[in-house]
1. Whole-Hz ³J(HN,Hα) for each residue in the range 96-107, computed from phi via Karplus 6.51 cos²θ - 1.76 cosθ + 1.60 with θ = phi - 60°, x for glycine and proline: what do you get?
2. Taking H as built 1.01 Å from N, whose amide H comes closer than 5 Å to the amide H of residue 118, not counting residues under 5 places away?
3. Mind sorting out which of (i) 12, 37, 29, 16, 6, 0; (ii) 11, 37, 32, 16, 3, 0; (iii) 11, 35, 27, 20, 7, 0 is the real P(r) over Cα pairs in 10 Å bins from 0, in percent computed from the coordinates?
4. Scan around residue 89 for amide H atoms under 5 Å from its own, H built in the peptide plane at 1.01 Å from N, and keep only partners 5 or more places away or cross-chain.
5. Nothing charged except the Cβ atoms of Lys and Arg (+1) and of Asp and Glu (-1): what's the magnitude of the dipole of the chain about its Cα centre? Round to the nearest 20 debye.
6. For the chain, what does -39500 (n - 2.57) per DSSP helix run (n ≥ 4), summed and divided by total residues, give at 222 nm, in deg cm²/dmol to the nearest 500?
7. Along Cα→Cβ, 7 Å out, is where each label goes; now give me the distance between the ones at residue 40 and residue 75 in nm to one decimal.
8. Lys pairs in the chain, Cα-Cα under 21 Å, at least 8 apart or on separate chains: how many?
Amino acid sequence: MAALTTERDTSEIANGAKRIKLPVKGKTTIFQGAIVAIGADGYAVPASKSADLTVAGRAEETVANTGADGAESILVARGVFIYENSASGKLDATHVLKPCYIEDDQTVSETDTGSSVAGLVIRVDDEGVAVEMGFGLTAPSAAATKTK
C-alpha cells in the first residue's frame, strides 16, 4: 500500500482496546485476577515460567475451557496491576521502569532465565509489584545486548 497523500479517518477501537477477548487453550482454567499469557499457538493460558509466552494482561473473569482450543474466550484487561513479588528473584526500587519476568500466574521476578517478560515495573512496595502489562513488551536476548 502506498503512503497517504491526503487525510485519513483512522478508526479507533473502543476504550483504546484496554479490554480484549482472547480464545482460551483447551482443557485450561484461568482464574479472575491471574496474569494471562498467549502461547505460541495463539491461545490464552495462565502465565507460567516459560520462555515462549506473551503477556496479554489481567483476567477479568474466571474461565474453565473444558473443550477444544478456542471453545471458550476470556476477557483480559491491559494496564498496570499489582502482583506478588518473588521470594527468590525479589524486585526492588532499582527495577523501576525495567522489565520483570513471569514466575507464575500471580508472581513476578527479576529472574529472566527460562521465563518470558511479564511487563514493565512501575512501583515496588509492601503491597507488591505494580506491573504495566499487555502492551507487547519483550526484552532483548542476552546475545542481542552484547557489545562488540
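Any read-out appearing in this document is the output of simple, stated calculations on the displayed coordinates, not a laboratory observation. Since the model is a prediction, treat every value here as computed from it, not as a measurement. With ideal geometry, Cβ positions are generated from the backbone for all residues, glycine too; neighbour counts draw on all protein chains shown.
1. For the range 96-107, the Karplus curve yields 4, 6, 10, x, 10, 10, 6, 9, 7, 6, 9, 10 Hz.
2. Those lying under 5 Å, H to H, from residue 118 are 100, 101, 102.
3. Computing P(r) over Cα pairs in 10 Å bins from 0, in percent and matching it to (i) 12, 37, 29, 16, 6, 0; (ii) 11, 37, 32, 16, 3, 0; (iii) 11, 35, 27, 20, 7, 0 gives (i).
4. Amide H neighbours of residue 89, under 5 Å, 5+ apart: 110.
5. Details: 14 positive and 20 negative charges, 80 e Å.
Using Cβ point charges on Lys, Arg, Asp and Glu, the chain gives about 380 debye.
6. Working: 1 runs with 4 residues, N = 148.
Calculated from helices alone, the mean residue ellipticity at 222 nm is -500 deg cm²/dmol.
7. Between residue 40 and residue 75, the simple spin-label model gives 3.3 nm.
8. Values: 25/49; 27/49; 49/90; 49/98; 90/98; 98/146.
So the count works out to 6.
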